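*Asks:* Before anything else, here's the structure in question.
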Amino acid sequence: MSQQNCCCCGNNQVDERLEKAREIIKKYKDVKGGLIPVLHQIQNIYGYLPEDVLKEVSSELNIPMSEIFGVASFYSYFSLEPKGEHVIRVCLGTACYVKGAQLLIDKISQELNISVNKTTEDGKFTLEATRCLGACGLAPVMVIGEKVYGRLTPDMIPDILKEYK
């Protein structure tokens, strides 16, 4: 197993996630079209796609980093940055947008001091703007984790965020 210095105390620790990632890469080494399953599984381990692990994917699967980044940035499921403990998704589909979804994003950005696709410094929240969430009748809609909030107004945002702080 690989040894890695702990970022907070400097102690050597075994990075079990890296070992799992290496096992996944090895499993798909000779599988045609194996990149997407590898990326999915690595993201499930880390919560995002760390660049150092993607370099190992590139080397072991003999796929250029440019192609890997192309795939990772094309599919909205993949993230190249760590996400917060609570991911806030605000719908910007037509119904939500017409009913003021951008004002929700503006209020959340102001409350958490982050922009879209960014994470708060404390790692608690990530803000994402999405397309249709399938709840047009509740427009404007936002989802935090699995919880759906509908018929929102900007003045409702601070109380909702308090539930997660």
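The values are calculated or read from the model by the stated rules, or taken from the named source; none is laboratory data. Note that the structure is a prediction, hence the values are computed from the model and not measured. Note: ideal-geometry Cβ built from the backbone for every residue, glycine included; neighbour counts use all protein chains shown. Areas reflect the complete protein model, heavy atoms only, side chains present, ligands, DNA and RNA absent. Shrake-Rupley method; radii C 1.70, N 1.55, O 1.52, S 1.80 Å.
*Asks:* Taking 0.36 nm per residue of sequence separation and subtracting the Cα-Cα distance, how much length would be gained by fully extending the chain between residue 19 and residue 156, in nm to one decimal? Show your work: numbers first, answer last.
*Replies:* Details: separation 137, 0.36 × 137 = 49.32 nm, distance 4.39 nm.
Full extension from residue 19 to residue 156 adds 44.9 nm.
*Asks:* Under 19 Å Cα to Cα from residue 26, which lysines show up? Leave out anything in the same chain fewer than 8 places away.
*Replies:* 55
*Asks:* Based solely on its DSSP helices, what 222 nm [θ] is calculated for the chain when runs of n ≥ 4 H residues each add -39,500 (n - 2.57) and the sum is averaged over all residues, nearest 500 deg cm²/dmol?
*Replies:* Details: 7 runs with 68 residues, N = 165.
Dividing the helical sum by the residues of the chain leaves -12000 deg cm²/dmol.
*Asks:* At a 1.4 Å probe radius, carbon and sulfur cover how many percent of the accessible area of the chain?
*Replies:* Numbers: 4930 of 9950 Å².
Exposed carbon and sulfur together represent 50 percent of the surface.
*Asks:* Shifting gears a bit: Using only the Cα atoms, what convex hull volume per residue in Å³ does the range 14-74 have? Please list the in-between numbers first.
*Replies:* On the way: hull volume 4.5 nm³, N = 61.
Cα convex hull per residue, to the nearest whole number: 73 Å³.
*Asks:* Which length gain, in nm to one decimal place, applies between residue 117 and residue 163 when the Cα-Cα distance is subtracted from 0.36 nm times their residue separation?
*Replies:* On the way: separation 46, 0.36 × 46 = 16.56 nm, distance 2.11 nm.
Gain in length upon complete extension: 14.5 nm.
*Asks:* Could you list which residues have their amide H under 5 Å from that of residue 118, counting only those 5 or more apart in sequence or on another chain, with H placed in the peptide plane?
*Replies:* Under 5 Å from the amide H of residue 118 lie the amide H atoms of 127, each far enough along the sequence or on another chain.
*Asks:* Full-extension gain between residue 30 and residue 71, please, as 0.36 nm times their residue separation minus the C-alpha to C-alpha distance.
*Replies:* On the way: separation 41, 0.36 × 41 = 14.76 nm, distance 1.87 nm.
12.9 nm is the gain from fully extending residue 30 to residue 71.
*Asks:* Related question: How much accessible area per residue does the chain have, in Å², with a 1.4 Å probe?
*Replies:* 60
*Asks:* A further question on this structure: Just flag the GluC sites (Glu not before Pro) in the range 125-165 sitting in loop per DSSP whose Cβ has no more than 12 other Cβ atoms within 10 Å.
*Replies:* Working: sites: 128, 146, 163; in loops: 146, 163.
Taking the range 125-165 and a limit of 12 other Cβ atoms within 10 Å, the loop GluC sites (Glu not before Pro) found are 146, 163.
*Asks:* Moving on to the next point. List the trypsin sites (Lys or Arg not before Pro) within the range 91-163 that DSSP assigns to loop and that have no more than 13 neighbouring Cβ atoms inside 10 Å.
*Replies:* Values: sites: 99, 107, 118, 124, 131, 147, 151, 162; in loops: 99, 124, 131, 151.
Taking the range 91-163 and a limit of 13 other Cβ atoms within 10 Å, the loop trypsin sites (Lys or Arg not before Pro) found are 131, 151.
*Asks:* Take the cross-link list 107/165; 99/165; 124/162; 83/118; 124/147 and give me the ones stretching past 18 Å between alpha-carbons. If you can, show how the numbers build up before the last one.
*Replies:* On the way: 107/165 16 Å; 99/165 27 Å; 124/162 12 Å; 83/118 8 Å; 124/147 16 Å.
With Cα atoms farther than 18 Å apart: 99/165.
*Asks:* Sticking with this one: At q = 0.18 Å⁻¹, what base-10 log of I(q)/I(0) does the Debye formula yield for the chain when every alpha carbon is treated as an equal point scatterer in vacuo?
*Replies:* Normalising to I(0) and taking log10 leaves -1.06.
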